[in-house]
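S.K.: Sharing a structure, written as structure tokens. Questions coming.
Laboratory data are not the source of any read-out in this text; all were calculated from the coordinates shown. Owing to the predicted nature of the structure, the values given are computational and were not obtained by experimental measurement. Please note: Cβ atoms are built from the backbone with ideal geometry, for glycine as well, and neighbour counts cover all protein chains shown.
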Amino acid sequence: MSDALVIIPTYNEKENIEVIIRATFNQEKEFHILVVDDNSPDGTSEIVKKLITEFPNRLFLEKRLGKNGLGTAYIHGFKWAIAKKYDYIIEMDADFSHNPKDLIRLYNACSKEGGDASVGSRYVKNQVNVVNWDMKRLLLSYFASKYVRFITRIPVFDTTAGFVCWKREVLETIQLDKIKFIGYAFQIEMKFKAWKHGFNIKEVSVVFTDRTLGTSKMSGNIVSEALFGVIKMRLKGLPK
């Protein structure tokens with residue numbers, strides 16, 4: 001039984017899902033994987049089901065009925081992981097923008113280095129580690145993180161990062177049913193609440209590589225939710 005679970009939310013990731021699962025299982029540390037699939041019409045969940053026969057008791061699938069947003073997919077996975085008593089729960093994308101080789105670094109930052117949460121950061125101390133993004137998207141992401149840091153005062157450089165390891169205690173403390181945002185602002189809100197509760201958030205420098213297969217889920221609504229949502233967070237202080 002592994003003490004660490006990697007949650008991978010999916011929607012139409014048939015090009016990536018088998019390769020990312022095998023790459024994760026190929027790491028020196030044993031990680032378990034939970035795929036939370038939002039009823040992908042491309043057959044992503046069917047690929048996962050076949051792999052479960054190869055990796056019993058290590059690979060799991062939760063299939064939801066509709067496309068309900070990144071945040072709700074992770075919350076679904078968090079609750080599943082808490083019920084199964086995993087000590088460390090890691091968020092990771094299916095498209096290799098997050099390198100499975102960095103999983104152990106995020107895990108160690110929590111298990112050995114005193115972090116309650118660890119963030120795979122693209123922007124530690126103003127260094128930019130992003131590959132294959134055009135300048136417009138890079139600047140939008142970089143200055144969005146600076147904007148969030150300025151508004152909320154949270155001491156995290158990459159506030160919108162989606163490669164995160166949580167100790168179970170943090171997820172048990174945060175009231176998951178009260179998380180308000182479902183897009184990229186979800187990532188900000190989770191870090192903000194953890195910080196407000198006094199948990200130690202460590203940043204681990206990683207290289208983010210944009211997907212080469214499949215379609216990005218980024219949209220204007222997601223960006224606007226993040227930009228305007230942080231103002232609401234700061235003003236309301238997000239009750240615990």
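S.K.: So how do 111-121, 180-190 stack up, highest first, on mean other-Cβ count within 10 Å?
M.R.: 180-190, 111-121
S.K.: Same structure again: Largest first and to the nearest Å, give the Cα extent of the range 1-116 along each principal axis.
M.R.: 41, 26, 26
S.K.: Around Val206, under 11 Å between beta carbons, what's the net of Lys plus Arg minus Asp minus Glu among the other residues?
M.R.: Computed value for this residue: 0.
S.K.: Could you list, in their original order, any pairs among Lys85/Lys191; Lys29/Lys202; Lys29/Lys67; Lys180/Lys202; Lys84/Lys202; Lys50/Lys178 whose Cα atoms are separated by more than 30 Å?
M.R.: Checking Cα-Cα distances, Lys29/Lys67; Lys50/Lys178 exceed 30 Å.
S.K.: Note the full-extension length gain between Asp210 and Ala23 as 0.36 nm times their separation in residues minus their Cα-Cα distance, in nm to one decimal.
M.R.: Numbers: separation 187, 0.36 × 187 = 67.32 nm, distance 1.70 nm.
In short, 65.6 nm is gained.
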